[in-house]
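The values are calculated or read from the model by the stated rules, or taken from the named source; none is laboratory data. Note that the structure is predicted; figures quoted are calculated from it, not measured. Note: ideal-geometry Cβ built from the backbone for every residue, glycine included; neighbour counts use all protein chains shown. Please note that ligands, DNA and RNA were not included when accessible areas were found on the heavy atoms of the full protein model with its side chains. Shrake-Rupley method; radii C 1.70, N 1.55, O 1.52, S 1.80 Å.
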Number of protein chains: 2
Amino acid sequence: MEIVKDTSTTKTGSNVTARTQILEANNERYAYRRFGNGPRLPLLFLQHFTGTLDNWDPAVTDPLADTREVILFDNAGVGRSSGDVPQTVADMAQHVFVFLDGLGLSTCDVLGFSLGGMIAQQMAQDRPSIFRRMILVGTAPRGGEDIMHLEKPSLAKHLSDPNLRGYAVLQKIFFAPTESSQKAGETFIARLAQRQEDLEPASGPKVAAAQMAAFREWEQFSGVRFDHLKSVATPTLVVNGIHDEMIPVSNSYWLSANLPNAVLLTYPDSGHGSLFQFHESFTRHASAFLASDSASAAY
Amino acid sequence: MEIVKDTSTTKTGSNVTARTQILEANNERYAYRRFGNGPRLPLLFLQHFTGTLDNWDPAVTDPLADTREVILFDNAGVGRSSGDVPQTVADMAQHVFVFLDGLGLSTCDVLGFSLGGMIAQQMAQDRPSIFRRMILVGTAPRGGEDIMHLEKPSLAKHLSDPNLRGYAVLQKIFFAPTESSQKAGETFIARLAQRQEDLEPASGPKVAAAQMAAFREWEQFSGVRFDHLKSVATPTLVVNGIHDEMIPVSNSYWLSANLPNAVLLTYPDSGHGSLFQFHESFTRHASAFLASDSASAAY
């Protein structure tokens, strides 16, 4: 591996304004943002299906950047990162290893959301020293169920609605159909729209197709279901909205029941985007969890 | 109702030393302890199967008493409370209403553990104004499953072991069979044993039989399963050990999925007594949850 470009740290405080940087490693160019400051280990953010750097809610990233650097990352083929989107979570995990090695980070904390949570799990299995503490939001273990089946009527009705475009779709599918949750979705979208410059290209059908293939592969398992989780000792906080239609909460039940060292937190009245809906509570919990140096996930 | 005896507040800081008081109301005598101080609403503790005032871990009661009064309560027929143990949760709930009315408390917070969590749910349904915030630990909704089946081999082997007496049985059945959880059970028992004076009589077979009848009745339901929870608006924190053999965590999944305003927290490597095993974390979460004045359970 060879690092030929900027790996320095830019101290800015918000994903509304943080500039996008490029790390070149292993013949790939990885787009990322790195901001924040403080004594704690850097926190790596691994993103959801078709999401780019611009999809990280500043109400989640920024409070966490108060006491550490946060690092937002575009995997291969997403946003301004080069290469093809891998069709397996395992291959996506390899790109994150190349990126972190390129940054010279041998260990960090991680917040993996949805697809990003699967990549985090894969990495914790492949290289147990990579993450000190792991936050898994709205995600599923290998062998989980009903993972991102966008053809389901509850999701398809929004995805095929010609009146919904761009972020308006996210409001429907990331939030519960209650008035309160939809209102939280509106403010989420307004926060994303605050960023006006240095924007990412939106993900197209090619990104979606490859990531969808990765979900289908992730639903497969061999041997005893969820047995592979029992060796993942990383202290883990599992978070899920109780009405998640994209990756149902049953997957988080399995994660917390089979990971030997995981606390589960679920939020009411919320769907896939519970961390955005309850951003004040979520960042408080995440901060407390990450502040702990205990061997136990309990915080 | 007539109050003929002591309802004053005794300020002491610990369940190791707090004196037991008697409230007379409705021709019953209710034993209780009331200690602590601070600006917050009093926190009522409702106890588990056969448990008395002496079964409350000072590592849980005392930190919570730092910012409020805590009130520990013997239901009818338990400890030094008069009367017969009711055979339904609904009738147990009526005794708590009489007690709180006798104290002049029209609203308070509640921590219901196991059987106590069922009584708390029943009260929140019967009189929605009674609890501002509700903590339900290791408990089940009406219509839940596998509630306190002590005849199960995993429990019966300890309950029928002639080498296990008194608190030693609790260590086995309240904690997971791992070395770490059993060690936590040992320290739990040591904390209970700190109280040396003004002790409660242990519950006998008559108490156990009536409470067991109440569990069997609580497993019954009519109409749509768990539908009754949808009208309970009280902000609720649901807590469970992930390996609870006495009241499995599936019951807490149902509570948090059907109560409209409930956060779920589960602990790894623990059983029914997760709140005692992780007393530092639990009291931190409980304090944060109770400190919130939000309409939402998220804290």
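Do the conditions hold for A:Ser114, that is, is it at positive phi and of a type in the set (Ser, Thr, Tyr)?
So A:Ser114 fits the description; yes.
Of all residues in the stretch B:122-146, which are open to solvent by 10 Å² or more (accessible area, probe 1.4 Å), of a type in the set (S, T, N, Q) and in contact (Cβ under 8 Å) with a residue 60 or more places away in the chain?
Across the stretch B:122-146, the qualifying residue is only B:Gln125.
Looking only at the stretch A:133-155, decide whether some residue is closer than 25 Å to A:Thr17 by Cα and modelled with pLDDT of 95 or more.
The answer is yes, given that some residue of the stretch A:133-155 is closer than 25 Å to A:Thr17 by Cα and modelled with pLDDT of 95 or more.
Of all residues in the stretch B:275-299, which are within 14 Å of B:Val137 (Cβ to Cβ) and either modelled with pLDDT under 95 or facing chain A (nearest Cβ under 9 Å) (or both)?
B:Gln277, B:Phe278, B:Ser281, B:Phe282, B:His285
Here is a list: A:Ala90, A:Ala59. Which entry is more than 25 Å from A:Gln277 (Cα to Cα), of a type in the set (Gly, Ala, Ser), open to solvent by 10 Å² or more (accessible area, probe 1.4 Å) and in a helix (DSSP H, G or I)?
Just one listed residue meets the conditions, A:Ala90.
Collect the residues in the stretch A:147-181 that are polar (S, T, N, Q), part of a helix (DSSP H, G or I), closer than 21 Å to A:Arg191 by Cα and in contact (Cβ under 8 Å) with a residue 24 or more places away in the chain, keeping them in residue-number order.
Matches in the stretch A:147-181: A:Ser180, A:Ser181.
I need the full set of residues from the stretch A:98-118 which are open to solvent by 10 Å² or more (accessible area, probe 1.4 Å) and either assigned to a helix (DSSP H, G or I) or within 20 Å of A:Asn251 (Cα to Cα) (or both), in order please.
Scanning the stretch A:98-118 gives A:Val98, A:Asp101, A:Leu103.
Could you please find all residues in the stretch A:34-51 being of a type in the set (S, T, N, Q) and more than 17 Å from A:Ile173 (Cα to Cα)?
Residue satisfying the conditions is A:Asn37 alone.
Hey, does the stretch A:18-39 have a residue that's under 19 Å from A:Ala288 (Cβ atoms), part of a loop (DSSP other than H, G, I, E, B) and β-branched (Val, Ile, Thr)?
No, every residue in the stretch A:18-39 fails to be under 19 Å from A:Ala288 (Cβ atoms), part of a loop (DSSP other than H, G, I, E, B) and β-branched (Val, Ile, Thr).
Just a yes or no: is a residue in the stretch A:264-284 more than 20 Å from A:Glu179 (Cα to Cα), free of Cβ contacts under 8 Å to residues at least 40 places away in the same chain and in a strand (DSSP E or B)?
There is at least one residue in the stretch A:264-284 that is more than 20 Å from A:Glu179 (Cα to Cα), free of Cβ contacts under 8 Å to residues at least 40 places away in the same chain and in a strand (DSSP E or B).
Just give me the residues in the stretch B:217-274 being among the aromatic types (Phe, Trp, Tyr), open to solvent by less than 40 Å² (accessible area, probe 1.4 Å) and more than 11 Å from chain A (Cβ to nearest Cβ), in sequence order.
B:Trp218, B:Phe226, listed by residue number.
Answer yes or no as to whether B:Met212 is away from chain A (no Cβ under 13 Å) and part of a helix (DSSP H, G or I).
Judged against the criteria, B:Met212 is a match.
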